[in-house]
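Remarks on the structure that follows.
Please treat every number below as a calculation from the coordinates, not as lab data. These figures come from a predicted structure and were not determined experimentally. No Cβ is skipped: glycine too gets one built from the backbone with ideal geometry, and neighbour counts run over all protein chains shown.
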């Protein structure tokens, strides 16, 4: 039961909140918001830029996506093979095999929350992407601008030549749905376009309809996002990534301990309870909340 003092304060604040909501509705309704399933939120570093609308990182809007996959062989549109990545010389082996993009060779099931190749269980996250920038100049050295243009570079304080980009989370939005994926390679076509990746410029590449983000087959299937179509994307912090098929496989899976405790099952159950609690709370009227 809410205390009378809290009820009086709530009644005083409601008109002010309604006015503020009305002023910001036009700007905030255009793009999706990150849903944080837990009560705790990571406090951004002072060096991390905060957009005027309060969102941690700005959206890159109307970006042409192309599909690529681990194990892809060179073609006219993709001259570089994908058996290894910019940061992983054994990418295909570490993933567990060839990430066959053919629909008949894939599991793509929203009900089961499962998106992966049929032939094996991937050892890395099947939700991966490539962006056209590499922070590494050569072994033991970063590019001169890396510390200046990468928002989280100084926060990580990396060793010389150690990337701070590999594994970075993104939110990708298309067709009324969003998913999350990790940055695992560089491209398409260029690897020095920091003005687009971290700045406000449009992509410098003009091949393949100005393609500026490569997406994996799992991202394609989840969003129904085909090569040549547009999407929006932005960076997100680890704590802002909700549980989903993008956390089902790979190094972030807790697994089962020696005593038989299945932390992955517990995590899914807790996530279900949180969603159920939030749904019930949102359905309550103001009068019910004041009781």
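Note on the range 45-252: Rg/Rh from Cα positions, Kirkwood definition for Rh, rounded to two decimals, is 0.94. Applying 1/(1 + (r/R0)^6) with r as the Cβ-Cβ distance of residue 102 and residue 210 and R0 = 25 angstrom yields a FRET efficiency of 0.40. Annotation: the residues 66, 75, 191, sorted from fewest to most other C-beta atoms within 10 Å of their own C-beta, follow the order 75, 191, 66. Modelled this way, with points 7 Å down the Cα-to-C-beta line, the labels at residue 93 and residue 155 are 3.4 nm from one another.
Counting each pair of different Cα atoms once, what's the Kirkwood radius of the range 117-233 in Å, rounded to one decimal?
15.2 Å
Each residue, residue 137 and residue 110, gets one label point 7 Å from its Cα in the Cβ direction; the gap between the two is 4.7 nm. A full extension of the chain between residue 83 and residue 147 corresponds to an added length of 20.2 nm, given 0.36 nm per residue minus the alpha carbon distance.
Taking each residue as 0.36 nm, the span from residue 118 to residue 61 lengthens on full extension beyond its C-alpha to C-alpha distance by 17.3 nm. Over the range 171-220, the pair-distance histogram of Cα-Cα distances with 10 Å bins from zero comes to 21, 51, 28, 0 percent, rounded to whole numbers.
On the beta carbon distance between residue 75 and residue 224, with R0 = 25 Å, the FRET formula returns roughly 0.60.
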